[in-house]
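As structure tokens, the structure follows; a few thoughts come after it.
The values are calculated or read from the model by the stated rules, or taken from the named source; none is laboratory data. In this text the structure is predicted, and so the values were computed from the model without any measurement. Cβ: placed from backbone, ideal geometry, glycine included. Neighbour counts: every protein chain shown. Side chains included, ligands, DNA and RNA excluded: accessible areas come from the protein's heavy atoms. Shrake-Rupley method; radii C 1.70, N 1.55, O 1.52, S 1.80 Å.
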Amino acid sequence: MKKKDSKAHGTISNIFYMLKIMFKISPWLVIGEIAQELLRTLPGKLISVIGLKYVIDEVVNGGDTKNVVIGIAVILLILVFSEIANSLFFELFAHREREKLDLGIQSMLYKKAAKLDMEKYDDPGYYSDFILAVEMSSDNIKYMLTNVKHYIGEIVSFIAISAVMLTIDPICLLIVLFSVVFFIPVGRYTGSLMMKRRKAVTEKHRKGDYFARLFYLRDYAGEIRTGGLYPLLDKRFKESADDIVRTQNKYVKKIDAIFFVQESVIQVIGFMVLLTLYIGYQTLVTGNMSAGDFVATFNGAVQIGSGILFLTVYGVRNFTERAGMIEKYRIFMAEESKVPDGEDVADCGVPETIEVENLSFRYQGKDEDALSDISFRIEPCEKIALVGYNGAGKTTLTNLLLRLYD
């Protein structure tokens, strides 16, 4: 049976696929996490723009002290309420529901793994992706939900703060947008690099973990001591560790270089130079901005800049990386078995003759047959023995008789 080529799903498709699973297991957690993010981020960002503008303008313009005190008190109350609500959400609800969500995802994986064809365990590439899907399922839950709620929070904050900045000076908003929009494609590229790095490192870790397990598993303790295998295994383990470091270095240098360019161009040139010069000119020379406008504009620009930076670079990078991990999970869950289990349990009836004629079998990826042209006949209640050297095909034949392989 030839496996059909399946087209990889897009980033957005994978995000909604995982969100759909999360919502099915714990809908109130998904809704609560998004609401909590808005409550956590929006008040603080708006206060840094509108709240400080109000207080500074009242002080500079000689306003009533009572108004200043009331303004500060309102700001403190909002911040305290937000902090208390967030703490209660996590302590009384989120931790429990996250465990429930984690358990639900793991149960789906284990149920699928129990029905997986044995031949899949013999395919190194598929098995590596399978291990990656299992090991990263919990991380995918946490990071994907965090990224989604953060993304929604940043979108809402961007809209709110942009509306405020437009009323003060639209040109400031244009400067900020111009500084960061240029780097939208970079986010996808860095996300792709990080996905490739994770896949490459995971494959190297599998090899290192194999040698590491040999050191402490009881099954191999006697052979290591009697056979003097420690120096060889230690050498292989260190070679694997060095290989992991080399693989990390291959990707880290590129990723760090991209991050440096992003930060230096956006933060230094965009905010620290262009924006500061413009709002300083508007405040000190033309007088079109008050002191409160200056602070509000600069703080708003920083908030919008960091928000757009996340929406177009870091968020895109994170989603691209996580979508790649979800794709592996999705492929694993969609895999169809060649040897499906029946719905009914077979009755223990009268023994029948077992006959095999001209049986040959080759494991996937191997150049030689594990069994070649095997024929035999076993009569009812007849006792036989399978005898042969290691690798002769005894286990393979047994697995075929049990139809663990097709």
Which residues, taken from segment 61-89, are out of contact with any helix residue (DSSP H, G or I) (no Cβ under 8 Å at 6 or more places or on another chain) and within 30 Å of S137 (Cβ to Cβ)? S87, L88
Any residue at all in segment 368-381 that is open to solvent by 100 Å² or more (accessible area, probe 1.4 Å), at positive phi and part of a loop (DSSP other than H, G, I, E, B)? yes
Restricting to segment 389-406, and then to whatever is part of a helix (DSSP H, G or I) and of a type outside the set (D, E, K, R), can you tell me which residue is nearest to A113 (Cα to Cα)? N399
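Looking at segment 387-400, which of the residues that are open to solvent by 80 Å² or more (accessible area, probe 1.4 Å) and modelled with pLDDT under 90 is nearest to the chain's Cα centre (by Cα)?
That would be T395.
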Hey, K100 touching a residue at least 40 places away in the same chain (Cβ under 8 Å) and more than 18 Å from K24 (Cβ to Cβ) or not: no
Taking E327 as the residue in question, decide whether it is closer than 16 Å to M118 by Cα and modelled with pLDDT under 85. no
Residues of segment 188-214 being open to solvent by 60 Å² or more (accessible area, probe 1.4 Å) and either over 22 Å from Y121 (Cα atoms) or among the β-branched types (V, I, T) (or both), which ones? R188, Y189, K196
Would you pick out the residues in segment 45-68 that are open to solvent by 60 Å² or more (accessible area, probe 1.4 Å) and closer than 13 Å to F294 by Cα? I50, L52, Y54, V60
Count, please, the residues in segment 110-137 that happen to be of a type outside the set (D, E), at pLDDT below 75 and within 17 Å of N399 (Cβ to Cβ). 1
The one condition G104 fails out of (1) in contact with a Phe, Trp or Tyr (Cβ under 7 Å, 6 or more places away or on another chain); (2) modelled with pLDDT of 85 or more; (3) of a type in the set (G, A, S) is (1)
Picking from N147, N140, N86, the residue that is assigned to a helix (DSSP H, G or I) and modelled with pLDDT under 85 would be N140
Looking only at segment 210-249, filter to residues that are out of contact with any Phe, Trp or Tyr (no Cβ under 9 Å at 6 or more places or on another chain) and either touching a residue at least 40 places away in the same chain (Cβ under 8 Å) or outside any helix (DSSP H, G or I) (or both); which one of those is nearest to R317 (Cα to Cα)? Q248
